[in-house]
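A.B. asks: I'd like to ask some things about the structure below.
The values are calculated or read from the model by the stated rules, or taken from the named source; none is laboratory data. Not measured: the values here are computed from a predicted model. Virtual Cβ from ideal backbone geometry, glycine too; neighbours counted across all protein chains shown. Remember, those area values only see protein heavy atoms, side chains included, never the ligands or the DNA or RNA. Shrake-Rupley method; radii C 1.70, N 1.55, O 1.52, S 1.80 Å.
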Amino acid sequence: MTNEAGQADVDELLFADEEIGDELDLSDGEQEPWLLLIVDDEKQIHQVTRMVLHDFEFAGRKLDFLSAYSAREAKQLLQEQPNIAVVLLDVVMEVEDAGLQIVRYIREELKNQAIRIILRTGQPGQAPERTVIMEYDINDYKEKTELTSQKLFTTVVTALRSYRDIKTIEKSRVGLEEIIKSSASLFELQSLKKFASGVLTQMTSIVNVHKNALHCSFAVTKGVEDIYILAASGDYAASQDARARDVVPIDVLSEIEQAFLLRRSSFSADRFLVYFQSKMGMENVIYMNGFQELSEWERYLIDIYSANVSVAFENLYLNEELESTQQEIIYTMGEITETRSKETGHHVKRVAEYSRLLALKYGLSESEAEVIRLATPMHDVGKVGIPDAILNKPAALTPEEFEIMKTHANLGYEMLKHSNKKVLYAAAIIAWQHHERYDGTGYPQGLKGEDIHLYGRIAALADVFDALCSDRVYKKAWELDRVLELLRTERGKHFDPQIVDLFLNHLDEFLQIKEMYA
């Protein structure tokens, strides 16, 4: 350095302490330091740089120094530390253009456009400034002889300011991409709980969650008598459906209750609560903490996202209300059929739940299993066309009467087949094929094996199991062991063997359903 006073200061510092640790200790609550990489084959350059900048601070953050003494070491550090903000880079090291090779490596291979590269050289003739500035994507060029203590300080501040602004722009772009992507996916999440979990995940990606902070987030809903958890993060992730007061920390619960009371959102330095109310009167709150103080831009992103979430909540509640109404209509139709045949209406509910569980065990998606659950209650809807004398005959049917009874499968199919709705289409298939047998001896079509639709094969076992376990006008309920023995005997004959195995292997779960709707 040409400034003699500055050089003297540096020499004095070097004499006092030649070895400086590579890392700065962070006190509790202090922000992460800026990472500065020194790349030079002269050890003294590293020591001088550290001494001059040892008490450096910018935007409330100190410097953490990394050292590389060759291009190979520099590349390794650049790979391991993607958050390096500034590189002080020597041109001539193991080869004359080693520094320039690193510039190309950063920009072209690592695709890192944010890091600020300050080229400093003791041999300017090897890398003329005009040529280097025009041909290489660097941000500053300094001869080592001109870098006084003050100029080095100024250069680093300027570089960090540019890096900070670039990262802010980049984060804003990523945030907007998250908003667009997240908003598009919101309407694909049909379950309220899945939706709430997705909202928490996406909001976490929008805000800057501090890696050392104790982070937690909750999506809660206000019930008639209490507040319940729809979704949660971290240690609370398994708390779905629990009462908030049994799980949520008392201070957090107090803030959530306040949000419901005041019916408004609130933001503070390290947490926020977003309040939603649907037109149907349903109320929800999203709580999140553990991030660095939100910038005005991040607040704006959350506001945009929350507006979309609010619309999605509204649509989800309307959809659930519609599905609930449809389900009640379907169950009522099924129960009318069962009541007419003097059998318990709970039969249709049990068969529906057995079928759903079998579908899931078979590997079908939750959405398809739900379609089967909604459709199965109408499996015997065709019985509305069977005369009472046959339907409720307390004795065995004659062959002629049985032929009339068998027509209920075709009648049910004809009643339901005209709809293009998923549930009614599935109901038509089930009504038509739930009396087919795996060995081909069933009715009405005599289908065999996998020619029988999977929905029909599932409903067949569910229907027979429940019918045998229940009192009917023509028989008393069988003992469970007798029913299970029949299922084993009819494996591959009446029933799909894979479905029989699934049922028997998970028998406890099916018996729970049986007890629930006893």
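A.B. asks: Do we have residue 512 as within 21 Å of residue 372 (Cα to Cα), polar (S, T, N, Q) and either modelled with pLDDT of 95 or more or not in a helix (DSSP H, G or I) (or both) here?
C.D. replies: Here the answer is no, as residue 512 does not meet what is asked.
A.B. asks: Kindly indicate the residue of segment 209-246 that is modelled with pLDDT under 75 and not in a loop (DSSP other than H, G, I, E, B) and also least open to solvent (accessible area, probe 1.4 Å) among those meeting that condition.
C.D. replies: Within segment 209-246, the match that is least open to solvent (accessible area, probe 1.4 Å) is 209.
Yes/no matrix, rows are residues, columns are (1) open to solvent by less than 30 Å² (accessible area, probe 1.4 Å); (2) under 16 Å from residue 424 (Cβ atoms); (3) β-branched (Val, Ile, Thr):
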{"site": "354", "(1), (2), (3)": "yes, no, no"}
{"site": "358", "(1), (2), (3)": "yes, no, no"}
{"site": "366", "(1), (2), (3)": "no, no, no"}
{"site": "379", "(1), (2), (3)": "yes, yes, no"}
{"site": "387", "(1), (2), (3)": "no, no, no"}
{"site": "393", "(1), (2), (3)": "no, no, no"}
{"site": "397", "(1), (2), (3)": "no, no, no"}
{"site": "403", "(1), (2), (3)": "no, no, no"}
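A.B. asks: Anything in segment 35-55 that is open to solvent by less than 10 Å² (accessible area, probe 1.4 Å) and closer than 18 Å to residue 83 by Cα? List them, or say none.
C.D. replies: 36, 37, 38, 39, listed by residue number.
A.B. asks: Which pairs turn up if I take residues in segment 490-518 that are closer than 18 Å to residue 455 by Cα and look for partners that are among the basic types (Lys, Arg) and assigned to a loop (DSSP other than H, G, I, E, B) with beta carbon separation below 6 Å, at least 6 apart in sequence or on another chain?
C.D. replies: 494/437
A.B. asks: Further, regarding this structure: Take the residues of segment 59-116 that are of a type in the set (Phe, Trp, Tyr) and outside any strand (DSSP E or B): which is surrounded by the fewest Cβ atoms within 10 Å (Cβ to Cβ)?
C.D. replies: Step by step, filter segment 59-116, then rank; the result is 105.
A.B. asks: Further, regarding this structure: Being more than 21 Å from residue 443 (Cα to Cα), assigned to a helix (DSSP H, G or I) and either at pLDDT below 90 or over 45 Å from the mean Cα position of the chain (by Cα) (or both) is the filter here; which residues of segment 372-405 pass it?
C.D. replies: Of everything in segment 372-405, those that are more than 21 Å from residue 443 (Cα to Cα), assigned to a helix (DSSP H, G or I) and either at pLDDT below 90 or over 45 Å from the mean Cα position of the chain (by Cα) (or both) turn out to be 374, 388, 389.
A.B. asks: Here's a follow-up. Can you spot a residue in segment 138-157 that is at pLDDT below 70 and part of a helix (DSSP H, G or I)?
C.D. replies: Scanning segment 138-157, I find no residue that is at pLDDT below 70 and part of a helix (DSSP H, G or I), so the answer is no.
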